[in-house]
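To start, the structure under review is shown below, and the notes come after it.
The values are calculated or read from the model by the stated rules, or taken from the named source; none is laboratory data. Worth saying up front: this structure is predicted, and the values here are computed from it rather than measured. Here the Cβ positions follow ideal geometry from the backbone for every residue, glycine too, while neighbour counts run over all protein chains shown. Each accessible area value is taken on the protein alone, full model and side chains, heavy atoms only, with ligands, DNA and RNA left out. Shrake-Rupley method; radii C 1.70, N 1.55, O 1.52, S 1.80 Å.
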Amino acid sequence: DAGITQSPRHKVTETGTPVTLRCHQTENHRYMYWYRQDPGHGLRLIHYSYGVKDTDKGEVSDGYSVSRSKTEDFLLTLESATSSQTSVYFCAISASNNLNTEAFFGQGTRLTVV
Amino acid sequence: KQEVTQIPAALSVPEGENLVLNCSFTDSAIYNLQWFRQDPGKGLTSLLLIQSSQREQTSGRLNASLDKSSGRSTLYIAASQPGDSATYLCCEYSGAGSYQLTFGKGTKLSVIP
């Protein structure tokens, strides 16, 4: 699993509550990504990070924020969860010393907003 | 915005058949292309990575090719087995100032015993 841990693995939350998902890596890789996966849409990029405190938006960033205060941790926060954010969330990492490197994924977090 | 397309969306073949999965991309500045496998309810497992300077990579029964000029990649699976049944996703990495990984929607493969 390339040293990637996502937590929690499953979560049920109520509409309007804040939710934070955590991605932790042990590889010291520079790039980290948050994706959501939904039937019919595939994997869509939410936010990504290219270094500590360096983040940028992906194609579906509305309603989400991220933080990266340490190389090993990338947090995804839903400020006020909505039912449309029910999804499976994946974290990915890739190295920076050579751009031609593999990306590795975590096992995913299944989030249900009721 | 980069786009990655995988056709067909689903494919069913008898066991033992050789098959090809297709991936097309619009990014002319592609850095690398990676193939993944995803089993139901699971994460993505990396299968093969092709760097932009390479034309193909092989691992066991799998062979992936990359043609940057035509914007296409193929994943060839030899002597398919029921255990190969999964969704296969291709992903292109554009290092041209964006650092983003762009995925196709995948091809769901079923290998019938």
- prompt: What per residue convex hull volume, in Å³, do the alpha-carbon atoms of chain B yield?
  reply: 93 Å³
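Using +1 on the beta carbon of Lys and Arg, -1 on that of Asp and Glu, and nothing else charged, what's the dipole of chain B about the Cα centre, debye to 20?
Details: 9 positive and 9 negative charges, 32 e Å.
Dipole of chain B, to the nearest 20 debye: 160 debye.
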- prompt: So which residue, out of A:THR101, A:THR71, A:THR20, gets the largest mean-square fluctuation from a GNM of chain A using Cα contacts under 10 Å as springs?
  reply: A:THR101
task: Take the protein assembly as shown, drop everything but the C-alpha atoms, weight them equally and run the Debye formula without solvent; then report log10 I(q)/I(0) at 0.08 Å⁻¹ to two decimals.
output: -0.29
task: Could you tell me the distance between the Cα centroids of the range B:16-34 and the range A:53-114, to the nearest Å?
output: 25 Å
field: Label zone at B:SER69 (point 7 Å along Cα-to-Cβ), backbone N below 17 Å, the range B:42-62
entry: B:52-56
query: Expressed as a whole percentage, what fraction of the accessible surface of chain A belongs to carbon and sulfur atoms when a 1.4 Å probe is rolled over the protein heavy atoms?
result: 46 percent
query: Translational D (Stokes-Einstein, µm²/s) of chain A at 20 °C and 1.002 mPa s when Rh comes from the Kirkwood sum over C-alpha pairs?
result: 153 µm²/s
statement: Surpassing 29 Å at the alpha-carbon level, of the pairs A:LYS70/B:LYS68; A:LYS70/B:LYS105; A:LYS53/B:LYS108; A:LYS70/B:LYS42; A:LYS57/B:LYS105; B:LYS68/B:LYS105, are A:LYS70/B:LYS68; A:LYS70/B:LYS105; A:LYS53/B:LYS108
task: Please give the average number of partner chain Cβ atoms lying within 10 Å of the Cβ of each residue in A:36-46, rounded to a whole number.
output: 3
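If you take the accessible area of B alone, add that of A alone, and subtract the area of the pair, what total do you get in Å², probe 1.4 Å, to the nearest 100? Before the final figure, lay out each step's value.
On the way: alone 6200 and 6210 Å², together 10420 Å².
Result for this pair: about 2000 Å² buried.
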message: Which of A:GLU72, A:GLU59, A:GLU27 ends up with the largest GNM mean-square fluctuation for chain A, with Cα atoms connected below 10 Å?
response: A:GLU59
Dipole of the protein assembly as shown, positive end: most advanced residue of A:VAL88, B:CYS23, A:LEU76 [Cβ charges, Cα centre]: A:LEU76
message: Give the aspartates and glutamates whose C-alpha is closer than 19 Å to that of B:LYS1, dropping any in the same chain fewer than 8 places away, or say none.
response: A:ASP56, A:GLU59, A:ASP62, B:ASP27, B:GLU92
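Can you check what the net charge comes to around B:GLU17, using other residues whose Cβ is under 15 Å from the Cβ of B:GLU17 (Lys, Arg +1; Asp, Glu -1)? Walk me through the intermediate numbers first.
Values: positive: B:ARG61; negative: B:GLU15, B:ASP84.
Computed value for this residue: -1.
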- prompt: So what is the relative contact order for chain B, in percent, with contacts set as C-alpha pairs under 8 Å and at least six apart?
  reply: 37 percent
- prompt: Which of the cysteines found in chain B have nothing to pair with, since no other Cys Cβ lies under 4.7 Å from theirs?
  reply: B:CYS91
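Say a site is exposed when it is one of the trypsin sites (Lys or Arg not before Pro), sits in a DSSP loop, and has at most 15 other Cβ atoms within 10 Å; what is then the longest site-free stretch of chain A? Walk me through the numbers on the way to the answer.
Details: sites that count: A:ARG9, A:LYS53.
Of all site-free stretches, the longest is A:54-114.
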- request: Would you look at the GNM of chain A, springs on alpha carbons closer than 10 Å, and say which of A:GLY58, A:GLY42, A:GLY16 moves the most?
  value: A:GLY42
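What is the range A:1-44 by shape, rounded, prolate or oblate, if you read a ≥ b ≥ c off the alpha carbon gyration tensor as root eigenvalues and call it rounded for a/c under 1.5, prolate for a/b larger than b/c, and oblate otherwise? Walk me through the numbers before you get to the answer.
Values: a/c = 2.31, a/b = 1.41, b/c = 1.64.
Cα axes put the range A:1-44 in the oblate bin.
Can you give the mean number of other chain Cβ atoms that lie within 10 Å of the Cβ atoms in peptide A:102-110?
Working: counts 7, 9, 6, 8, 2, 4, 5, 0, 1.
Counting Cβ atoms of other protein chains within 10 Å of each residue's Cβ and averaging gives 5.
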message: Net charge within 14 Å of A:THR112 by Cβ-Cβ distance, Lys/Arg positive one each and Asp/Glu negative one each, not counting A:THR112 itself?
response: +2
query: Using a 1.4 Å probe, what is the accessible area per residue for chain B, in Å²?
result: 46 Å²
message: Using a probe radius of 1.4 Å on heavy atoms only, what accessible surface per residue do you get for chain A? Whole Å² is fine.
response: 46 Å²
